[in-house]
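Okay, so here's the structure we're looking at.
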Amino acid sequence: MSLEIFDELLLLAVQNGASDIVIKSDKPGLLRINGGLEEVDMPPIDGEDALAFVEESLPTNFREVWEMEGQVDFAYFLEQAGRFRVNAFLQRGSVSMVFRHIKSKIPTFEELNLDKDTLGQFVEAKDGIVLLCGATGSGKSMTMACMLNHLNHSAEKRVVTLEDPIECNFIDHKCVFNQREIGIDTPNFKKALRAVLRQNPDIILIGEMRDADTFDTAMAAAETGHLVFTTLHAASAQQAILRLFEYFPPEKHELVRRKLSESLRGVIVQKLIPSLEEDSRVPAQEIMVADSIVRSAIKEGKFDKIQALLDVSPETGSRSFNKELFRLVKEGLISKGDALKNSPNRQSLEMNLKGIFLSEGSRIIGN
């Protein structure tokens, strides 16, 4: 099999709107379209061809990582299809790859059906930390790119991104972007983080909150007047806060609570739900705006109160997943079935959809 088959498969994926391409040695390629996997009608991909593709496509800087670790992230560009983020890895001694198509055009808030007012206030903040959370494939990177591109057309800022690999290419408008790719522009995240505060940024994008060092750097940047955006794998705003404390021993938790309560500006948790309007998916977001009540709960370690606070002050833009799913159903964007399937509290959402809500005192009231 010619190595051209990989380019043909990627082009086919883009033409069919696939978000990901999954390749496993000795199996046909798979395309992830609207969340589901569809097998391509093609001969199985030979393991030696898959290995040859990795070895030919891999930047020189990453070859030692591949040989030593048996897994590597890199970017691949195909002229007719655009840019792809690639994760290559060994499983049972053979090569597998997952390609993520990176769209060249960064969509607007309106095109993504996102809350421009609330997300806009995050990106226009003077300093602090904004966490964007969700599972792999939930659209976190595109939402973050959308937010930064909004700023790119409205304010003169200097933005430094640390990414592994770079996902969206920003074109300077009002902002000046410097995008650093781990392994190519800088050896690793640790060295990039150490240097970033000396690079005169107003805004820092850290591709992923990975460990205590990353968090400490983000906190130091926020405390010295920078705005930091980063991603985290978490299924809810409450879980996102709790996960940050997993990076530190118990004796440091009080200090972290105090610093986080001062620096956090908000948490956005995103899922993609099948759309009713067209063959696509709609982002559903749980949003926690760090107002004085939320900051107080974090400082005092009352994390069990966080989820209940999401719908207490709707004027700030905070909302729970259930509130967001309810809105999407009422606006005719998603089905009731898909809303219930993705709800963290199905029984409560079912009541809401019937017009029954619980007040703060747990008194049942009709809509």
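The values are calculated or read from the model by the stated rules, or taken from the named source; none is laboratory data. Keep in mind that what you see is a predicted model, and the values were worked out from it rather than measured. All Cβ positions, even for glycine, are placed from backbone atoms using ideal geometry, and neighbour counts span all protein chains on display.
Here are the numbers for this structure:
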item	result
Filter pass, MET42 being touching a residue at least 24 places away in the same chain (Cβ under 8 Å), assigned to a strand (DSSP E or B), surrounded by 13 or more Cβ atoms within 10 Å (Cβ to Cβ) and outside the structural domain of MET142 (by TED's automatic domain parsing)	no
Residue selected from segment 1-20 under the condition of a type outside the set (Gly, Ala, Ser) and assigned to a loop (DSSP other than H, G, I, E, B), by the criterion modelled with the highest pLDDT	ASN16
Lone qualifier among VAL160, VAL123, VAL176, VAL98 - being out of contact with any Phe, Trp or Tyr (no Cβ under 6 Å at 6 or more places or on another chain) and assigned by TED's automatic domain parsing to the domain that holds ASP26	VAL98
Helices (runs of 4 or more DSSP H) wholly inside segment 228-312 containing at least 1 residues that are within 17 Å of the chain's Cα centre (by Cα) and surrounded by fewer than 17 Cβ atoms within 10 Å (Cβ to Cβ)	237-245
Complete set of residues in segment 116-173 that are crowded, with 18+ Cβ neighbours inside 10 Å, more than 16 Å from the chain's Cα centre (by Cα) and free of Cβ contacts under 8 Å to residues at least 40 places away in the same chain	ASN152
Selection count where residues are touching a Lys or Arg at 6+ places or on another chain (Cβ under 8 Å) and over 25 Å from PHE84 (Cβ atoms), scope segment 175-195	2
Matching option when the condition is surrounded by 14 or more Cβ atoms within 10 Å (Cβ to Cβ), modelled with pLDDT of 95 or more and within 19 Å of THR136 (Cα to Cα), among ILE23, ILE33	ILE23
Positions within segment 5-26 being under 15 Å from PHE89 (Cα atoms) and touching an Asp or Glu at 6+ places or on another chain (Cβ under 8 Å), in sequence order	SER25, ASP26
Candidates PHE62, PHE77, PHE84, PHE53 - the one that is at pLDDT 95 or above and touching a Phe, Trp or Tyr at 6+ places or on another chain (Cβ under 8 Å)	PHE53
Selected residue (criterion: modelled with the lowest pLDDT) from residues of segment 90-145 that are in a loop (DSSP other than H, G, I, E, B) and of a type in the set (Lys, Arg)	LYS103
